[in-house]
Amino acid sequence: MTSATTELRTMAGTSGKLAQGDLYDHTVAIPPMPDYNGRVLAYTATASIVVAGVLQGFFPQYLLWMVAAALTWPHLAHALTRRTFLRNSPRIRQKMLFFDCIIGGGFVGLIGLVAIPSVSVALMLMFSCLIVGGVRQWLLGTVLMSAAIAAAVATMGTATSFEAPLLTSIVAILGTGTYICVTAYYSHQQARALLLAKTQIQNQREQSIALSHKLSKYLSPQVWQSIFTGERDVRLETQRKKLAVFFSDIKGFTELSEEMEPEALTELLNHYFNGMSEVALKYGGTIDKFVGDSIMVFFGDPTSRGQREDAFACVSMAIEMRKHMKIMRQKWRSQGIKTPLEIRMGISTGYTTVGNFGAENRMDYTIIGKEVNLASRLESLAEPGEILVSYETFSLIKDRIMCRDKGEITVKGFGKPVPIYEVVDFRRDMGPNRSFLEHEHSGFAMYLDSDKITEKERKAILSALEDAADRLRQEDDTG
């Protein structure tokens with residue numbers, strides 16, 4: 001893990017703060033209509049209905065007490081929910097609305113179920129229930145209001161006429177219409193603010209994703225994935241794990257660097273690293289670092305398939321890298337690079353210390369230990385095109401990969417000489433039934449893996465080989 005890890009976390013956090021700040025600016029400016037304001041508006045409309053009905057002689061004058069109660073209750077409810085123990089009650093907003101439904105149902109029953117005023121009050125209550133709590137709130141509110149209406153009608157009876165005077169009906173309709181329109185306006189403004197907030201969140205999310213993908217180039221994909229899924233925290237910590245460690249470098253690269261221009265050399269090296277990285281990721285390797293022309297990869301962290309499978313994947317990767325190098329070398333020859341570049345590799349398996357090393361503001365996700373030194377030593381001892389492995393690695397892969405005993409070496413940190421082995425090839429590819437075949441000369445290179453060739457490709461390859469054979473025969477005849 002490089003400093004990009006720390007920067008990635010910091011910038012992601014900054015993006016989150018910016019998003020929250022943007023949302024705050026847009027949503028707080030247009031909040032939903034406060035319960036206090038809505039309650040004042042609804043109860044004022046109800047009080048207006050009572051006043052209009054009393055002035056027209058339709059409602060008895062003793063109902064004027066409802067006017068005082070309607071104008072007082074919103075302030076009392078606000079004080080109860082803001083300044084008493086009720087403010088800590090869960091879902092207090094919904095509970096207070098249920099209480100309003102009971103009050104509204106009582107009012108409808110007390111005025112004797114007069115049509116338009118009753119419908120107006122019921123509409124305001126049901127509209128509020130739908131906005132505040134959805135269908136469930138509406139259903140429960142309807143039940144409570146109906147029960148209150150039934151209780152009031154059972155006590156007071158119904159009105160002699162269900163048809164209210166014109167002025168009372170107009171006041172009821174205007175009051176209800178005003179309440180619904182104002183509430184709908186606030187809801188519309190809030191919906192617009194939420195839509196804007198959603199757009200901004202999406203933009204911030206896209207920016208964060210783009211940023212994380214850019215910075216992920218500085219990390220091994222496995223490490224990057226473990227950080228962003230929350231499996232691993234970005235802090236200084238290490239652990240002991242048994243890993244398969246791989247080192248490689250290019251034999252002849254130093255001589256080549258003296259012959260080529262820096263720009264061409266950089267292009268060649270990047271092409272090489274890109275090809276080898278794809279092979280490493282294909283087998284699940286964690287790419288630790290590139291140093292000059294060297295590559296360091298390890299298997300077994302942050303994910304592991306078991307010691308045996310990790311070691312087998314590591315050696316399989318090395319074998320494919322060796323094959324892939326032949327293809328790359330042929331391409332370089334076609335570009336005029338005559339220096340015979342060869343890859344040499346060393347692999348060791350054993351316990352290492354893996355994790356974040358460094359400082360709080362600059363970390364490297366890497367491994368240390370004597371097995372790392374052994375893998376590096378094996379790589380330096382290997383001949384061009386050779387893969388050397390330690391005895392521990394050999395013991396884990398010998399049933400599937402053919403190896404040749406190369407004797408013993410002395411390595412600092414190991415009390416005894418270390419047996420080493422040369423990787424020959426997969427056992428399945430040995431003998432007459434092998435799927436892999438390669439041949440290379442100056443001006444000619446062939447790499448064949450028949451298991452990976454489709455029927456269509458097989459015909460094209462046979463045709464190309466026949467054309468090549470005919471060409472060589474013609475040159476022999478003319479020579």
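The values are calculated or read from the model by the stated rules, or taken from the named source; none is laboratory data. Bear in mind the structure is a predicted one, so any value in this text is a computation, not a measurement. A quick note on method: Cβ atoms are made from the backbone with ideal geometry, for glycine too, and the neighbour counts reach across all protein chains shown. Please note that ligands, DNA and RNA were not included when accessible areas were found on the heavy atoms of the full protein model with its side chains. Shrake-Rupley method; radii C 1.70, N 1.55, O 1.52, S 1.80 Å.
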Tell me which residues, restricted to region 273-292, are surrounded by 19 or more Cβ atoms within 10 Å (Cβ to Cβ), part of a helix (DSSP H, G or I) and among the small types (Gly, Ala, Ser). 280
Within region 399-407, can one find any residue that is modelled with pLDDT under 85 and open to solvent by less than 30 Å² (accessible area, probe 1.4 Å)? no
Report, by residue number, each residue of region 242-272 that is open to solvent by 40 Å² or more (accessible area, probe 1.4 Å), more than 26 Å from residue 313 (Cβ to Cβ) and not in a loop (DSSP other than H, G, I, E, B). 254, 255, 257, 258, 259, 262, 263, 264, 266, 267
Considering region 52-72 alone, what residues qualify as being out of contact with any helix residue (DSSP H, G or I) (no Cβ under 6 Å at 6 or more places or on another chain) and within 19 Å of residue 124 (Cα to Cα)? 69, 72
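Determine whether region 143-159 contains at least one residue that is in contact (Cβ under 8 Å) with a residue 60 or more places away in the chain, under 22 Å from residue 180 (Cα atoms) and assigned to a helix (DSSP H, G or I).
Taking every residue of region 143-159 in turn, none turns out to be in contact (Cβ under 8 Å) with a residue 60 or more places away in the chain, under 22 Å from residue 180 (Cα atoms) and assigned to a helix (DSSP H, G or I).
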Determine whether residue 134 is open to solvent by less than 80 Å² (accessible area, probe 1.4 Å), modelled with pLDDT under 90 and not polar (S, T, N, Q). yes
Residue 440 passes all but one of (1) loosely packed, with under 14 Cβ neighbours inside 10 Å; (2) modelled with pLDDT of 90 or more; (3) in contact with a helix residue (DSSP H, G or I) (Cβ under 7 Å, 6 or more places away or on another chain); which number fails? (2)
Subset of region 356-398 (residues that are over 16 Å from residue 419 (Cα atoms), out of contact with any strand residue (DSSP E or B) (no Cβ under 8 Å at 6 or more places or on another chain) and either of a type in the set (Asp, Glu) or open to solvent by 70 Å² or more (accessible area, probe 1.4 Å) (or both)): 360, 361, 362
For residues in region 331-380 being assigned to a strand (DSSP E or B) and charged (D, E, K, R), which is nearest to residue 314 (Cα to Cα)? 344
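In region 322-354, what residues are closer than 24 Å to residue 241 by Cβ and either open to solvent by 10 Å² or more (accessible area, probe 1.4 Å) or out of contact with any strand residue (DSSP E or B) (no Cβ under 6 Å at 6 or more places or on another chain) (or both)? Don't jump to the end; show me each part of the working.
As a first pass, look at region 322-354 and keep what is closer than 24 Å to residue 241 by Cβ: 345-354.
Those that are closer than 24 Å to residue 241 by Cβ and either open to solvent by 10 Å² or more (accessible area, probe 1.4 Å) or out of contact with any strand residue (DSSP E or B) (no Cβ under 6 Å at 6 or more places or on another chain) (or both): 350, 351, 353.
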For region 406-422, pairs from a residue that is closer than 17 Å to residue 369 by Cα and part of a strand (DSSP E or B) to a residue that is of a type in the set (A, V, I, L, M) and open to solvent by less than 70 Å² (accessible area, probe 1.4 Å), with Cβ under 8 Å and 6 or more apart or across chains, are 418/374; 418/409; 418/411
Keeping to region 159-200, report how many residues are farther than 23 Å from residue 34 by Cα and surrounded by 15 or more Cβ atoms within 10 Å (Cβ to Cβ). 7
Going through region 85-117 in order, the residues found to be over 30 Å from residue 162 (Cβ atoms) and open to solvent by 40 Å² or more (accessible area, probe 1.4 Å) are 85, 86, 87, 88, 90, 91, 93, 95
Considering each residue of region 293-312, count those that are surrounded by fewer than 20 Cβ atoms within 10 Å (Cβ to Cβ) and either closer than 19 Å to residue 237 by Cα or touching a strand residue (DSSP E or B) at 6+ places or on another chain (Cβ under 9 Å) (or both), and give that number. 7
